[in-house]
C-alpha cells in the first residue's frame, strides 16, 4: 500500500519572501479594491406563506442586478464597472475597475415560480418567494373493475 505525501520543493523561507513581497506590492488601496472579490452576505428566512432572501449589496443600483430562475435554481448576479479618466497637460491617467458576483440557490418544490418578486432599497436586495398552497387531498375509494 502506498501513502500519498505532500512534497514541497521550495523552502519555507522562499515561500514567505514571495508572499511578503506580493502582499507589499499588491495590497495598496487602489489595487486591493479591484483584486479582492467579495460575495455579499445573504439572509434566508421562512414563514408560513413564503421564503425571503435578503442580500446585502450597498453601492449598487437596481439595474446592476440580474435575477434568473432556471430548473428551480435561482441565480442572483451583479456587475459593476467604473472608469475614471484624468487629463492634464502632460499626461492622461485612466483607472477602471470591474467587480461582479453570483449566488445561486436551489429552490424547494413548493415555491410559486410565477409570483416571485424582488426589490432593491437602501443597499438590500429583497426577494420574496411565495409558497404554493398545498392542495387538500380528499380521501376517495377506487372501485375495482
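Please treat every number below as a calculation from the coordinates, not as lab data. In this text, all values refer to a predicted model and were calculated from it rather than measured experimentally. Note that we place each Cβ from the backbone using ideal geometry, even for glycine, and neighbour counts take in every protein chain shown.
Calculated FRET efficiency, residue 131 and residue 75, Cβ-Cβ r, R0 22 Å, to nearest 0.05?
Efficiency at R0 = 22 Å is approximately 0.60.
Under the 0.36 nm per residue contour assumption, what length would be gained going from the current alpha-carbon distance of residue 54 and residue 89 to full extension?
Values: separation 35, 0.36 × 35 = 12.60 nm, distance 4.79 nm.
Stretched fully, the residue 54-residue 89 segment lengthens by 7.8 nm.
Give me the extension gain from residue 121 to residue 41: residue separation times 0.36 nm, minus the current Cα-Cα distance, reported in nm with one decimal. Write out the running numbers ahead of the final one.
On the way: separation 80, 0.36 × 80 = 28.80 nm, distance 1.56 nm.
Extra length available between residue 121 and residue 41 comes to 27.2 nm.
Calculate how large, on average over all directions, the projected area of the Cα convex hull of segment 37-130 is; give the answer in nm² to one decimal.
Computed as one quarter of the Cα hull surface, the answer is 7.4 nm².
If packing is taken as the average number of other Cβ atoms within 10 Å across a peptide's residues, how do 50-60, 67-77 rank, most packed first?
Going by the mean number of other Cβ atoms within 10 Å, highest first, we get 50-60, 67-77.
Need the full-extension length gain, residue 142 to residue 101, defined as separation in residues times 0.36 nm minus the C-alpha distance. One decimal, nm. Working shown, then result.
Values: separation 41, 0.36 × 41 = 14.76 nm, distance 5.37 nm.
Extra length available between residue 142 and residue 101 comes to 9.4 nm.
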